[in-house]
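The structure under discussion appears below in the form of C-alpha cells.
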Amino acid sequence: MYEETLVALTVVLPPLAGLACFAVNNRSFRRAVVVLTALLLVGSSIMIYISGGFSYEPGPSIGPIIEGAIFLLDAVLLVYFLFSGLKYGSFLVMGLTVLQLIPVLYFELVLKGASATPAILVDKLSIIMSLIISIVGSLILVYSLSYMDEHEEHLHLEKSNQNRFFFFMLLILGAMQGLVFSNNLYWLYFFWEVTTLCSYELIRHDRTEVAVKNSITALWMNLVGGVAFVAALFVGFYFSPNSISIETILSNAQSREMLVLLALLAFAAFTKSAQFPFNKWLQGAMVAPTPVSALLHSSTMVNAGIYLILRIAYAMSGTTLSYGVTLVGAFTFLATAYLALNERTSKGILAYSTIGNLGLIIVCAGINTSISYVAALTLLVFHSVSKGLLFLGAGVVENRVHTRMIEDWEGLLRRLPFTSIIMIIGMIAMFLPPFGMLIGKWVAIDAITTSPILSALPVIILVILGSAATSVYYIKWLGHLTVLPQDGVKLTQEKLPILYSLSMLSLLSLSLLMAVEASMVINNLVIPALPSDYILNARYLFTGGLLSVETGFGSFLTYPFWVVAVIIIIIGTYIARNKGGLVKGPYLGGENIEENPSIFHTTADREAKVEVSELFLDHEVSSSQFLSISTIIATILLMIIFLTVIL
Amino acid sequence: MAELISINTLVSVLLVIFAPIIGGLLMGIDRKLTARMQSRMGPPVLQPFYDVIKLWGKQPFIASSLQPVLAFGYFGFSLAAFALLAFGQDMLLLIFTVAVADLCLIVAAFNSKSPYSNIGGKRELLSMMSYEPIMILAAVSIFYNLWAKTGYPSFMIQRVMDLSTPLLLSLPLTFLAMIPVLIIDMKKSPFDVSASDHAHQELVRGVYTEFSGYTLALVELGHWTKIALMLGFVSLFWATNFIIGAMLAFALFFIVLVIDNSYPRLEWKSMIKTTWIVGFFLILANIVGLIARAVLGI
C-alpha cells in the first residue's frame, strides 16, 4: 500500500497536476500547484530512497485497467504523432510512426504480449534516477514559474501559453519516473514515447518557424529510436512470451538474438541521449525557453538514454557490442569538444558539453567493469546538478542581457554579480578539481586504463584529446564572464525574483555539498546502484577514507584540496587588500585616454578603437565540415556495430 | 602519527618550501647559460631574486581588482601541485591541479581587456591544450609500466619512487616526449608563443603584459614553481637515486636551453601539431613496446 502510494505520487501526480494547470490558466493557481507538486515529488523520492527499493504488482482488479489505459494512451500518442507529421508535411515522421503503430497494434491485439511481473521494480539504479528527476527537475520547475512570466512579457503575448508549457513540463517528470520504475518492457517503451512527445511539444512551444522545424527534427530522430525499441519488444517477446519483464529478459545468456535485442536498445538509447550521428536534435532544442533546455539536458530526456544503457550494459559485458558502445561514446566526446570550440552561443556550448559528457558516461558503461560503472554513475549524478545550475544561470542572463552570444557577456560580473558567480561555479564544477565532474572523469580514466590494454588505447586517446578541448572552451568562456572592462559601470547587486534565487541557491548548495562529500556520494549512493556482481569489487577498490576518493589505482584528495583552495583564495584576497594598487588602463601601444578607455591615440594623434575578439578556430576546424565528417564516421561506426552483432 | 614526523615527510615539506627557490635558481642558471651561448657575460645567478624583491616593493598598479587574487592563485596552485609531487600523490590529480594554476594565469590575462595580454592569454590556452594531453598520456604509460614491473597498476607517484629499476630504462620514449612539454612550460623557443624571456616577442610581454609590481612578482614565483614542478616530474624517471634523477632533469633543462637558442619561434598551429604528433607517437610506441616485452617475456 505504501509503495503503491509512492509510485502514484511520483508517476501519476505530476501529469494530474499538469492537467490541472492546463485547465486553469491562472498564475496564482499555477504557482500553488507547481510548488506543491515539486515538494511532494522531492518528498516522495526521498521516501523511496529510504525504502531502499521494492517491487510492485498491481492487484487483479486494478492491473488490467492500468494495462488497458497504457495501451490506449500509447495508441492515442502514436496517432497524434501521425497527425503532427501530416500537419507539418513530414513524411519521415509519418513513416516512422506507422512503423511503430502497426507492430504495436499487432503486439497488443494479436500476440497479447504486453504483460510482465512484477510490473514495477524499483532498485537502487532507479532510485538514483528518481532522485535526480525529482530534485533537479523540481527546482527547474520552480525556476520556470518566474522565467515564463518574464519570457511572455518579453514576447508581448495577448494570452498566456503557460498552461500548455507547464502541462508538458510536469508530464515529462511523471513519464521519466515511470520510465525508471517500469520493469515491463512495453511500459518502458510507452514512457519512452511520452518523453519524446514532451520534448517535441516543449521545443516547439514558442511556435516560431525555427522552433517548429527543430521540434520536427527532434521528433523524427527520437522516433527512429522508438522504431528500434518496438523491434526490441518483439525480440523480448521471443525470449519470454509470458512476461516481458526486463529483469527476466536481461538475465538470458548472450546468444545472438540477445545481442540483437541489446543492440536495438542501445541504438534507441543513442537517439535519446543525442549521441553522434543523432546529435542534431539536442542542438536544435535550444530554441525552446531555457528551462526546457535545463530540464532536457540535466534531469530528464537525455538521462533516459543513459538509464537504458546502464540498465542493459551488464548483460552485454565482454561482447564486441559493449566495446562498440564505448567507441560511439568516445567519438561523440571528442567531436563535441572540438565543435564547442567554435560555438558562439552560451546554450550552444552547453548543448555540446551535455552531448560530450553523456558520451563519456556511455564510454564508461561500455567498458563494463565495476570501476567504470562507478565512473558512469558519478558523472551522471554530478552532471545533472552542474548542468542544471549552468542552464538556470544562462537563462537569467539571457532574460536580462537579451543575448546568447558569449562575446556579449563582458562585464557581467559587475552587472549581474550573483548570477555570474553561479555561472562561474557551475563552469568550474564541469571540468576542474575538486568538483564532482572531474572526480568522475578521473575515475573514468582509471576505468579505461584498467580495461584490456589494446582496446583501451584508442579510447584513451579520444578521451584525452576531447578533455583538452573541453578545458579550452570552458576557460575561454570563463575568461569572458570575468572580464572587468574599465567602462565605468559600478558593481550593482541585481534584483532577482525570489523563485530564481531560491532555485539557483538550492542547486548551488547541492552542487557544493556533493562535491565536498564526493566520497560519501560514491560510497552511499553510487556503489549500491551497481549490478550486484560488481558491488563487492567496487567496495574493495573504493576503500574511501573520509578525506579522499580512493580507487585502488590512485587517490583524489577531496578535503585537502578544498582546504588548500580556500587558503589560496584567502591569502590572495589578503594580498590584494593589503597591497591594493591603482587600477590602470591596459597597455595599448599608444597613448591611453583616461576618460575613455575604449579608444587610444596612435601615431600622428589619430584615434583608434580598442577591439578584443574571442578565440575561434574557424580556419583550423571548419564546424560545418567537421560536423558532416563526424556524422559520416559515426554512421559507419554504428553500421559496423550492427553488422558484427548480426553476422 | 609517527608517520607525520618521519624523515621522508620532513624532506617533502622542505622540498615544497624550497620549490620556488629551486625554480628561481634554475631561472638564474638559465640566464647565465643562455648568455654564454650568445657570447655574453649574463647577470649573476641570483638576479631573478633581486628582480622579484624589487618588483614586490614597487608602487602598486593593477589592471583589475581580480588580477592580484588570480596572480596569487597561479603561484598557490602551482605550489599545491608541487606538494602533490613531493608527497607522492596521484599523477592525474597533479596534472589537473596544474590546469587550475594555468587557468588563473589565463583568466587574469583576459581580465583587463588588454589586446596584447588577451592574445597572450589565448596562446597560453592553446599551449595548455598542446601539453596537457601529452602529460596525461605520459602518466598512463607510467601506469602501464608499474603494472608490468610490479603487477599493480597505479597512478601514485609514491609507487614510482618505490620502483627498484629506473623508469627511464623502460620508458625512454616517454622521457623524450617530455622535451616539448618542458619547452612549452618554460616558455622557450620554438614554442614561446604566449610570452618570451627574449626581447623578440611580437606581443610586448604576451600573457604577462598587464602584470606589474607585486602581481608580476607573484606570477614570476608561480612560473618558478611550475618549472621546479616539471623538472621534479622529469626526475622521477630515475627515482632510484636522487642525484642521478636531479642530473637527468638538469640534462633535459640544458637540452631545452640549447633548443631555445637554436630555433626561432613557430606559430601556435605548429606547436600543437608538433607536440601532439611527436608526443603521441613516442609514448604510444613506448606502450606498444611494453606490451611486446610483456608478451615475449623479456
With the requirement that a residue be within 11 Å of chain A (Cβ to nearest Cβ), touching a residue at least 24 places away in the same chain (Cβ under 8 Å) and either surrounded by fewer than 19 Cβ atoms within 10 Å (Cβ to Cβ) or among the hydrophobic types (A, V, I, L, M, F, W, C) (or both), what does the stretch B:268-283 give you?
B:Trp268, B:Ile272, B:Trp276, B:Phe280, B:Ile283
Only one of (1) buried (at least 24 other Cβ atoms within 10 Å of the Cβ); (2) of a type in the set (A, V, I, L, M, F, W, C); (3) more than 7 Å from chain A (Cβ to nearest Cβ) is not met by B:Leu146, so which one is it?
(1)
Within the stretch B:183-204, which residues are touching a residue at least 40 places away in the same chain (Cβ under 8 Å), over 17 Å from the mean Cα position of the chain (by Cα) and under 23 Å from B:Phe253 (Cα atoms)?
B:His200
For the stretch A:106-116, which positions are aromatic (Phe, Trp, Tyr) and either touching an Asp or Glu at 6+ places or on another chain (Cβ under 8 Å) or touching a residue at least 12 places away in the same chain (Cβ under 8 Å) (or both)?
A:Phe107
Hey, can you tell me all the residues within the stretch A:313-327 that are surrounded by 24 or more Cβ atoms within 10 Å (Cβ to Cβ) and among the β-branched types (Val, Ile, Thr)?
A:Val325, A:Thr326
Looking at (1) at pLDDT below 90; (2) under 25 Å from B:Pro133 (Cβ atoms); (3) away from chain A (no Cβ under 14 Å), can you tell me which one B:Leu252 breaks?
(1)
Does the stretch B:219-238 include one or more residues that are within 14 Å of chain A (Cβ to nearest Cβ), within 30 Å of B:Leu146 (Cβ to Cβ) and crowded, with 21+ Cβ neighbours inside 10 Å?
yes
Residue that is nearest to the chain's Cα centre (by Cα) [pool: residues in the stretch B:120-132 that are farther than 21 Å from B:Leu218 by Cα and more than 7 Å from chain A (Cβ to nearest Cβ)]:
B:Tyr131
All-but-one check, B:Phe211 against (1) in a loop (DSSP other than H, G, I, E, B); (2) more than 14 Å from every other protein chain (Cβ to nearest Cβ), failing number (2)
Of the listed residues (A:Leu465, A:Leu541), the one being within 9 Å of another protein chain (Cβ to nearest Cβ), in contact (Cβ under 8 Å) with a residue 24 or more places away in the chain and more than 17 Å from A:Leu380 (Cα to Cα) is A:Leu465
Quick one: which residue in A:Leu502, A:Leu491, A:Leu513, A:Leu541 is surrounded by fewer than 17 Cβ atoms within 10 Å (Cβ to Cβ) and farther than 29 Å from A:Val136 by Cα?
A:Leu491
Entirely in the stretch A:1-91, the helices (runs of 4 or more DSSP H) that have 1 or more residues that are closer than 30 Å to A:Pro103 by Cα
A:2-7, A:13-23, A:63-87
Count - residues of the stretch A:143-167 that are buried (at least 21 other Cβ atoms within 10 Å of the Cβ) and either touching a His at 6+ places or on another chain (Cβ under 8 Å) or not aromatic (Phe, Trp, Tyr) (or both):
7
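Residues are listed down the side, and each one gets a yes or a no for (1) over 16 Å from B:Leu218 (Cβ atoms); (2) facing chain A (nearest Cβ under 7 Å); (3) modelled with pLDDT of 95 or more; (4) over 14 Å from the mean Cα position of the chain (by Cα):
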{"residue": "B:Lys54", "(1), (2), (3), (4)": "no, no, yes, yes"}
{"residue": "B:Phe61", "(1), (2), (3), (4)": "no, yes, no, yes"}
{"residue": "B:Ala71", "(1), (2), (3), (4)": "no, no, yes, yes"}
{"residue": "B:Ala80", "(1), (2), (3), (4)": "no, yes, yes, no"}
{"residue": "B:Gly88", "(1), (2), (3), (4)": "yes, no, no, yes"}
{"residue": "B:Thr97", "(1), (2), (3), (4)": "yes, yes, yes, no"}
{"residue": "B:Phe110", "(1), (2), (3), (4)": "yes, yes, no, yes"}
Any idea which residue in the stretch A:412-432 is farthest from the other protein chains (Cβ to nearest Cβ), counting only those that are among the small types (Gly, Ala, Ser) and either in contact with a Leu (Cβ under 7 Å, 6 or more places away or on another chain) or closer than 22 Å to A:Ile498 by Cβ (or both)?
A:Gly426
Verdict on A:Ile570 being at pLDDT 85 or above and away from chain B (no Cβ under 14 Å):
no
From the list A:Gly585, A:Gly589, which one is in contact (Cβ under 8 Å) with a residue 40 or more places away in the chain and within 11 Å of another protein chain (Cβ to nearest Cβ)?
A:Gly585
The condition of being among the charged types (D, E, K, R) and loosely packed, with under 14 Cβ neighbours inside 10 Å holds, among A:Arg27, A:Arg31, only for A:Arg27
Can you name the condition, by its number, that A:Gln486 falls short on among (1) touching a Ser or Thr at 6+ places or on another chain (Cβ under 6 Å); (2) modelled with pLDDT under 90?
(1)
Can you tell me which condition A:Pro241 does not meet? The list is (1) part of a loop (DSSP other than H, G, I, E, B); (2) of a type outside the set (Asp, Glu); (3) in contact with a helix residue (DSSP H, G or I) (Cβ under 7 Å, 6 or more places away or on another chain); (4) on the phi < 0 side of the Ramachandran plot, and all the others hold.
(3)
Pick from A:Leu457, A:Leu478: which is at the interface with chain B (Cβ under 9 Å from one of its Cβ atoms) and in contact with a helix residue (DSSP H, G or I) (Cβ under 6 Å, 6 or more places away or on another chain)?
A:Leu478
When you go through (1) under 27 Å from A:Arg344 (Cβ atoms); (2) within 14 Å of another protein chain (Cβ to nearest Cβ); (3) buried (at least 19 other Cβ atoms within 10 Å of the Cβ) one by one for A:Ala518, which number turns out not to apply?
(1)
Output the helices (runs of 4 or more DSSP H) that fall wholly within the stretch A:344-436 and possess 3 or more residues being not hydrophobic (A, V, I, L, M, F, W, C), or say none.
A:346-367, A:370-401, A:417-431
Given (1) part of a helix (DSSP H, G or I); (2) surrounded by fewer than 24 Cβ atoms within 10 Å (Cβ to Cβ), index of the condition B:Ala109 fails:
(2)
Before we move on, is B:Gln158 within 8 Å of chain A (Cβ to nearest Cβ) and closer than 21 Å to B:Ala249 by Cα?
no
Has the stretch A:117-135 got at least one residue that is surrounded by fewer than 23 Cβ atoms within 10 Å (Cβ to Cβ), among the charged types (D, E, K, R), touching a residue at least 24 places away in the same chain (Cβ under 8 Å) and assigned to a loop (DSSP other than H, G, I, E, B)?
yes
Out of (1) among the β-branched types (Val, Ile, Thr); (2) without any contact (Cβ under 8 Å) to a residue 12 or more places away in the chain; (3) in a helix (DSSP H, G or I), the odd one out for A:Thr470 is which?
(2)
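The values are calculated or read from the model by the stated rules, or taken from the named source; none is laboratory data. Being a predicted model, the structure only gives us computed values, none of them experimental. Quick reminder, even Gly has a Cβ in these numbers, built from the backbone with ideal geometry, and neighbours come from all protein chains shown.
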